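The values are calculated or read from the model by the stated rules, or taken from the named source; none is laboratory data. Computed from a predicted structure; not experimentally measured. Neighbour counts run over all protein chains shown; Cβ positions are idealised from the backbone, glycine included. In case anyone asks, the SASA skips ligands and DNA or RNA and just uses the protein heavy atoms, side chains included. Shrake-Rupley method; radii C 1.70, N 1.55, O 1.52, S 1.80 Å.
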Amino acid sequence: MAMEGLGRIFDLSVGAVPVDLSSAAVTGKRVSLKRAAALSIVVFKAAGTAGDDPTVTLKQHTASSSGTTSNLAAIDHYYLKNATTLAGTETWTRVSQAAAATIADPGGAGTSAESQQILVIPVMGTSLSDGYSYVSLDVADVGTNAQLGAVLYLLHDLTAGRAPANLQAALS
């Protein structure tokens, strides 16, 4: 018999609620990797206007608020579903890059703004510098034209399984 995954295998937390990415830069909420070995950051965005290609930046932090913050140059690949209109029939494309803290123009075609996209960025807990245990993803202001987007954190390889109601807050 299948078992539920929430609480046993994974937990979810908000990075950024759906927002118009052209209204201002989006500062991602922080999530703790103290109780998970890894994190998949999911960016889900609508199509926008040519030239308004998104840029995301991965950061690491020493505390849930305040503390020390620095860019985390750990993105050497990510996964992308990309289409004018996502229909659920798309396959994942693995996109490689030199290790960096940023992804500019996901897919690298200079036309990411014009597409609907699902972007998944894997982050291993071992990639954080000593003393850092929190991660966030920021999205730069894309320009002047509307482009809706959201960021979801999928914590996985939990160090201890619990019933969903007993999971600790992802910021703790």
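Numerical summary
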item	result
Cut-off 15 Å (backbone N to label point 7 Å along Cα→Cβ of ALA25), residues of region 82-125	101-104
Amide H partners (placed H, <5 Å) of GLN147, local residues excluded	LEU21, SER22
Region 55-172, relative contact order [Cα under 8 Å, separation at least 6], %	33
Along principal axes, Cα extents of region 1-156, largest first, whole Å	45, 40, 28
Straight-distance crosslink candidates among aspartates and glutamates, where the alpha carbon sits under 20 Å from LYS34 and sequence neighbours closer than 8 are dropped	ASP11, ASP130, ASP157
Probe 1.4 Å, accessible area per residue of the chain, Å²	49
Unsatisfied cross-links (Cα-Cα over 21 Å) in the set LYS29/LYS81; LYS59/LYS81; LYS29/LYS59	LYS29/LYS81; LYS59/LYS81
Estimated dipole of region 26-165 in Debye, rounded to 20 [Cβ of Lys and Arg +1, of Asp and Glu -1, Cα centre]	580
